[in-house]
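Below: one structure, written as structure tokens.
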């Protein structure tokens with residue numbers, strides 16, 4: 001399977017979801033898509049068949065507002081039909097709400113409040129060490145989320161407990177709702193910050209390259225005695241100039257014209273990938 | 001008299017359970033001493049997790065452990081585990097439905113002289129208002145034991161608040177009637193219904209004894225289960241009384257008194273009196289001094305009941 005093509009195909013599902021539900025966090029969905037595709041289709045052993053049976057790798061979507069990307073990926077994995085997600089997303093009484101909810105198959109933890117995912121993932125990683133399994137734990141955080149103090153509580157604990165079965169991903173798209181991350185609350189240098197907390201930091205120059213991400217995740221598996229952070233330098237709104245690198249597209253719903261242009265751009269990317 | 005602190009009883013039950021259940025995990029936030037959890041940490045180091053002074057982390061890590069099959073019991077001062085970690089209690093525990101038993105130690109005004117930062121007079125209100133969260137305030141070590149023996153085996157989230165110091169017994173080892181999620185009736189009467197929780201149960205019972213000598217008969221309910229609230233027992237006690245008096249070591253807002261008044265008002269309207277801590281930083285002192293000052297004693301409660309009946 002060409003995972004780069006798949007990422008662009010799933011982006012179109014995301015756009016359809018957001019237009020149908022008249023809301024959603026499109027910018028971060030687009031930036032994180034390759035991370036999710038690499039994890040779910042290459043790195044993690046999670047399937048509808050083994051889910052919930054205590055044998056699979058664990059995933060926590062700490063930047064829960066990018067749930068549309070997660071729904072598209074889980075639907076592609078066979079957890080639920082994409083048609084149903086697009087039809088029902090954010091509608092009255094829908095199970096497909098605007099943040100991950102573990103009443104749905106494929107989702108382990110509810111999220112949405114930022115800064116929660118890493119401590120939860122630390123707990124999962126400690127549990128799997130106690131259980132003496134080789135199951136790995138992955139958590140995806142946003143970059144704006146790094147301003148939450150609880151992220152750093154989790155960072156300390158991850159290093160303290162030498163959790164080499166834990167891999168955090170930082171979707172470094174450099175934009176948040178009010179502007180650039182450096183304007184809102186300066187985050188750089190994140191590599192130095194995480195290194196100084198005792199983590200192995202693996203920088204991915206192009207965080208929208210499935211191949212580069214897979215190489216980083218494979219490298220993380222070889223790290224012993226400490227957790228890894230994959231610093232994925234991504235593009236917010238990736239896939240169309242209409243929305244790329246624009247803070248206003250954090251949760252913008254495309255107009256009819258924008259929709260047509262974005263879908264055409266995504267289709268072209270898919271064909272060229 | 002056994003006279004051991006409820007937190008010591010919690011540790012004792014957890015140690016007994018951990019002998020046969022490797023999934024029991026105790027977590028502390030640099031609080032193993034104040035939680036009386038050091039014996040557990042020493043006996044079961046592989047089942048003990050120290051997170052440092054980081055209560056949000058404490059609850060988040062507990063939720064992650066629970067999601068992977070563990071039975072975590074995070075133990076931290078009630079003021080911090082409920083207020084500092086409130087969002088983790090709401091999202092990671094209750095909303096995510098993880099089997100975490102949150103143990104709030106040194107609750108209420110146990111840290112009397114340390115000031116409002118260390119008092120938990122809001123925890124009943126905030127924890128009861130989270131969907132899916134159960135809330136328990138046991139009154140003595142015997143009831144704590146019975147409660148914990150159920151909680152170490154079940155799979156639902158819960159918050160348990162206990163005080164810092166050993167408290168006099170309400171029950172005895174041989175005589176501690178306990179039905180999960182049902183209030184314990186200590187005595188029955190027809191003039192007043194006194195409904196109390198936690199450390200306020202014993203002075204409420206003493207108040208009933210004082211009033212009995214004056215010819216006033218009271219029902220006293222030990223409402224250790226704040227949520228799910230035993231509404232049937234409240235309605236039964238209130239229906240046969242002229243006034244309903246609630247007593248709690250908590251703010252006057254959103255605690256036992258508010259919930260009792262809600263039930264009584266809807267089902268069997270009676271005059272309701274809420275005895276609680278004031279809506280203000282409480283006066284400096286030991287728990288006993290604070291309770292004495294605010295009339296949360298046998299004599300103080302009896303006087304209020306008598307006044308309400310006039």
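Test residue A:15 against the criterion of being within 22 Å of residue A:209 (Cα to Cα), touching a strand residue (DSSP E or B) at 6+ places or on another chain (Cβ under 8 Å) and either more than 14 Å from every other protein chain (Cβ to nearest Cβ) or touching a residue at least 24 places away in the same chain (Cβ under 8 Å) (or both), and give yes or no. Walk me through how you get there before you give the answer.
Details: within 22 Å of residue A:209 (Cα to Cα): yes; touching a strand residue (DSSP E or B) at 6+ places or on another chain (Cβ under 8 Å): no; either more than 14 Å from every other protein chain (Cβ to nearest Cβ) or touching a residue at least 24 places away in the same chain (Cβ under 8 Å) (or both): yes.
So residue A:15 fails the test.
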Would you say residue A:44 is within 30 Å of residue A:129 (Cα to Cα), surrounded by fewer than 24 Cβ atoms within 10 Å (Cβ to Cβ) and in contact with a strand residue (DSSP E or B) (Cβ under 9 Å, 6 or more places away or on another chain)?
yes
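Yes or no, residue by residue, for (1) at pLDDT below 95; (2) in the same structural domain as residue B:89 (by TED's automatic domain parsing); (3) part of a loop (DSSP other than H, G, I, E, B); (4) touching a strand residue (DSSP E or B) at 6+ places or on another chain (Cβ under 7 Å):
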{"residue": "B:127", "(1), (2), (3), (4)": "no, yes, no, yes"}
{"residue": "B:130", "(1), (2), (3), (4)": "no, yes, yes, no"}
{"residue": "B:142", "(1), (2), (3), (4)": "no, yes, no, no"}
{"residue": "B:146", "(1), (2), (3), (4)": "no, yes, no, no"}
{"residue": "B:149", "(1), (2), (3), (4)": "no, yes, no, no"}
{"residue": "B:155", "(1), (2), (3), (4)": "no, yes, yes, no"}
{"residue": "B:167", "(1), (2), (3), (4)": "yes, no, yes, no"}
{"residue": "B:177", "(1), (2), (3), (4)": "no, no, yes, yes"}
Condition (residue is under 17 Å from residue A:201 (Cβ atoms) and crowded, with 22+ Cβ neighbours inside 10 Å) applied to the range A:105-117: is it met by at least one residue?
no
Test residue A:69 against the criterion of being free of Cβ contacts under 8 Å to residues at least 60 places away in the same chain and either assigned to a helix (DSSP H, G or I) or surrounded by fewer than 17 Cβ atoms within 10 Å (Cβ to Cβ) (or both), and give yes or no.
yes
Which residue is nearest to residue A:224 (Cα to Cα), if the candidates are limited to the range A:153-168 and must be assigned to a helix (DSSP H, G or I) and within 9 Å of chain B (Cβ to nearest Cβ)?
A:160
Any idea which of (1) assigned to a helix (DSSP H, G or I); (2) within 28 Å of residue A:251 (Cα to Cα) is the one residue A:171 doesn't satisfy?
(1)
Which listed residue, of A:188, A:171, is free of Cβ contacts under 8 Å to residues at least 40 places away in the same chain, more than 12 Å from every other protein chain (Cβ to nearest Cβ) and in contact with a helix residue (DSSP H, G or I) (Cβ under 7 Å, 6 or more places away or on another chain)
A:188
Please enumerate the residues belonging to the range B:106-125 that are assigned to a loop (DSSP other than H, G, I, E, B) and within 11 Å of residue B:159 (Cβ to Cβ).
B:107
Every residue in the range A:228-250 that is farther than 30 Å from residue A:196 by Cα and surrounded by 16 or more Cβ atoms within 10 Å (Cβ to Cβ), please.
A:237, A:238, A:239, A:240, A:242, A:243, A:244, A:249, A:250
Condition first: at the interface with another protein chain (Cβ under 7 Å from one of its Cβ atoms), touching a strand residue (DSSP E or B) at 6+ places or on another chain (Cβ under 8 Å) and not in a loop (DSSP other than H, G, I, E, B). Now tell me which residues in the range A:89-121 satisfy that.
A:120, A:121
The one condition in (1) facing chain A (nearest Cβ under 7 Å); (2) surrounded by fewer than 24 Cβ atoms within 10 Å (Cβ to Cβ); (3) not in a helix (DSSP H, G or I) that residue B:87 fails to fulfil
(3)
What do you reckon, is residue A:85 surrounded by 23 or more Cβ atoms within 10 Å (Cβ to Cβ), touching a residue at least 40 places away in the same chain (Cβ under 8 Å) and over 17 Å from residue A:104 (Cβ atoms)?
no
Within the range B:32-75, of all residues that are more than 8 Å from chain A (Cβ to nearest Cβ), over 23 Å from the mean Cα position of the chain (by Cα) and in a loop (DSSP other than H, G, I, E, B), the one surrounded by the fewest Cβ atoms within 10 Å (Cβ to Cβ) is B:53
State whether the residues of the range A:128-140 include one that is in a helix (DSSP H, G or I), within 14 Å of another protein chain (Cβ to nearest Cβ), more than 17 Å from the chain's Cα centre (by Cα) and free of Cβ contacts under 8 Å to residues at least 24 places away in the same chain.
yes
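The values are calculated or read from the model by the stated rules, or taken from the named source; none is laboratory data. Predicted, not measured: the structure shown is a model, and the values here were computed from it. As a convention, Cβ positions derive from the backbone with ideal geometry for all residues, glycine included, and neighbour counts pool all protein chains shown.
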